[in-house]
1. Give the residues of region 1-48 that are over 18 Å from residue 105 (Cα atoms), among the aromatic types (Phe, Trp, Tyr) and exposed (fewer than 15 other Cβ atoms within 10 Å of the Cβ), sorted by residue number.
2. Name the single residue that is nearest to residue 13 (Cα to Cα) among those in region 54-72 being small (Gly, Ala, Ser) and touching a helix residue (DSSP H, G or I) at 6+ places or on another chain (Cβ under 6 Å).
3. Within region 54-111, which residues are surrounded by 20 or more Cβ atoms within 10 Å (Cβ to Cβ), outside any helix (DSSP H, G or I) and of a type in the set (A, V, I, L, M)?
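Read the figures in this text as sums done on the coordinates, not as results from a lab. None of these values were measured; they are calculated from a predicted model. Positions of Cβ are backbone-derived with ideal geometry, glycine not excepted, and every protein chain shown enters the neighbour counts.
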Amino acid sequence: MKKVVSTIHFVLCIATLVAVISEFLFAGMGVFHATSFAAHKTIGEFITYASLAVLLLSLIGVLGKKRIGFSVLLFVLMILQNMLVHLHQPFIAALHPLNGIAIMAVTAYLVRISGKKAQG
């Protein structure tokens, strides 16, 4: 059972990383008026739910302190990301893209450590 949960956790981390990377494209498209921010918002909502699922899987599967810790960190960063969007303080809200980079780094690290565990 732990192996199955570990594999699902790994696959979901990969899907989340792909979604995070696509967020930068969709944000850029919105900024430069190639499209609206609707796709950026939709993918962001997916990432939030995916980060919760990643966290729950790490806890259910008891996947180790490192994977659980970084899964918690990813979820906390996603909560912060959603809060930054709704702030009426431009200088603080401007941290949204920087937090996005932190989300990408944490997700990439989760893919790396989860892949090693899922395969071995």
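1. Listed by number, the residues that qualify are 32, 37.
2. Initial filter on region 54-72 (small (Gly, Ala, Ser)): 58, 61, 64, 69, 71.
Add one more test, that the residue is touching a helix residue (DSSP H, G or I) at 6+ places or on another chain (Cβ under 6 Å), and what stays is 58, 61, 71.
Details: 58: 11, 61: 15, 71: 9 Å.
Among them, the one singled out is 71.
3. Answer for region 54-111, where residues must be surrounded by 20 or more Cβ atoms within 10 Å (Cβ to Cβ), outside any helix (DSSP H, G or I) and of a type in the set (A, V, I, L, M): just 63.
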